[in-house]
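Participant: Okay, here's the structure, questions in a sec.
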Amino acid sequence: MKRVFDLLSSFIGILILSPIFLITILSIFWEDKKNPFYISPRVGKNGRTFQMIKFRTMKIGADLNKIDSTSLNDSRITVVGNIIRKYKIDELAQLINVLNGSMSLVGPRPNVKRETDLYTLQEKLILSVKPGITDFSSIVFSDEAEILEGKEDPNISYNQLIRPWKSRLAIIYVKKNNFFIDLCLILITIVGIFSRRKGLNFLVQLLKMLDVKKDIIKISRRNSPLTPFPPPGMRKIVTSREIN
């Protein structure tokens with residue numbers, strides 16, 4: 001049922017959004033006359049690598065410096081890219097991934113291999129399902145670029161501030177996901193585009209309904225600053241991306 005829903009929704013979505021796709025493609029190409037798509041390897045279900053498609057928001061070759069986490073003040077982002085990122089238009093291209101079956105509409109966000117290689121045994125459960133365009137963490141950390149703004153090392157800051165809770169929320173999705181939760185997350189994602197606070201409030205209510213631990217609900221409210229915390233399955237805060 002999930003695959004049928006993904007197939008129909010992505011096909012209809014691409015048709016409806018085709019004017020936005022065309023405007024986005026022309027705008028990106030007009031700025032620097034380069035490929036308007038960014039295609040990058042990500043780790044999907046069962047650890048298999050697939051090519052994730054996004055509308056390009058950065059300069060060509062921006063990923064060569066191995067900085068995988070992007071902050072708001074990242075100099076690699078283009079002028080058009082800033083606008084595209086603000087309204088999450090870059091992610092819409094992943095409907096193509098949903099259509100070809102490498103992703104789902106709802107599921108844990110796909111990560112680069114440099115990050116999944118660091119996964120603990122608990123976190124590896126995340127790779128047991130197809131990655132998606134949206135999930136719990138996509139709503140909670142829709143401001144990821146703002147969180148990492150001004151950080152000396154965005155990659156380490158991501159692992160200290162975002163990964164611990166992003167992974168916990170992904171594990172919750174893996175264990176509790178069903179068609180009803182998927183529909184709720186799609187609707188909450190849409191609400192969050194227009195009102196982040198309302199989206200978070202609805203998400204918290206969904207997490208409460210799923211009897212999620214209070215510390216995760218507290219973080220999901222996003223009413224207080226994030227502080228370094230260990231990822232699930234670890235006792236220490238991450239200080240390096242070297243594989244032990």
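The values are calculated or read from the model by the stated rules, or taken from the named source; none is laboratory data. What you see is a predicted model, and the numbers here were worked out from it, not measured in a lab. Glycine also receives a Cβ, built like all others from the backbone with ideal geometry; neighbour counts cover every protein chain displayed. We work out accessible area using only protein heavy atoms, side chains counted, and drop any ligands, DNA or RNA first. Shrake-Rupley method; radii C 1.70, N 1.55, O 1.52, S 1.80 Å.
Participant: Considering only protein heavy atoms, what is the solvent-accessible area of K113 at a probe of 1.4 Å, reported in Å² to the nearest 10?
Facilitator: The accessible area of K113 comes to roughly 120 Å².
Participant: Ignoring everything but the protein chains, give the 1.4 Å probe accessible area of I156 in square angstrom, nearest 10.
Facilitator: 30
Participant: Something else: For Cα extents along the principal axes in Å, one of (1) 49, 38, 35; (2) 48, 42, 35; (3) 47, 40, 39 was computed from the structure I shared and the rest are decoys. Which label?
Facilitator: (2)
Participant: At 1.4 Å probe size, with the rest of the protein present, what percent of the exposed accessible area of the range 4-128 is carbon and sulfur atoms? Could the numbers behind the result be given before it?
Facilitator: Details: 4420 of 6680 Å².
Whole-percent figure for carbon plus sulfur exposure: 66.
Participant: I've got another one for you. What ³J(HN,Hα) values, in whole Hz, does the Karplus curve 6.51 cos²θ - 1.76 cosθ + 1.60 give for the range 96-106 when θ = phi - 60°, with x put for Gly and Pro?
Facilitator: 5, 5, 5, 5, 8, x, 7, 9, 10, 4, 10
Participant: Name the residues whose placed amide hydrogens come within less than 5 Å of the amide hydrogen of N111, ignoring near sequence neighbours (fewer than 5 apart) on the same chain.
Facilitator: Under 5 Å from the amide H of N111 lie the amide H atoms of V43, each far enough along the sequence or on another chain.
Participant: Could you report the range 164-233's accessible area per residue, 1.4 Å probe, as an integer in Å²? Provide the component values of the computation, followed by the final result.
Facilitator: Numbers: 3860 Å² over 70 residues.
For the range 164-233, the solvent-accessible area averages 55 Å² per residue.
Participant: Once R0 is set to 45 Å, what does the formula 1/(1 + (r/R0)^6) return for the Cβ-Cβ distance between K218 and L15, expressed as a FRET efficiency to the nearest 0.05?
Facilitator: Working: r = 41 Å, r/R0 = 0.91.
The formula returns an efficiency of 0.65 here.
Participant: A 29 angstrom limit on the alpha carbon distance is what I want to check against. Which of K86/K198; K33/K86; K86/K218; K59/K213 exceed it?
Facilitator: Violating the 29 Å limit, Cα to Cα: K59/K213.
Participant: At 222 nm, what value in deg cm²/dmol follows for the chain if DSSP H runs of at least 4 each add -39500 (n - 2.57) and the sum is divided by all its residues, to the nearest 500?
Facilitator: Working: 11 runs with 115 residues, N = 244.
After summing the helix terms and dividing by the residues of the chain, the value is -14000 deg cm²/dmol.
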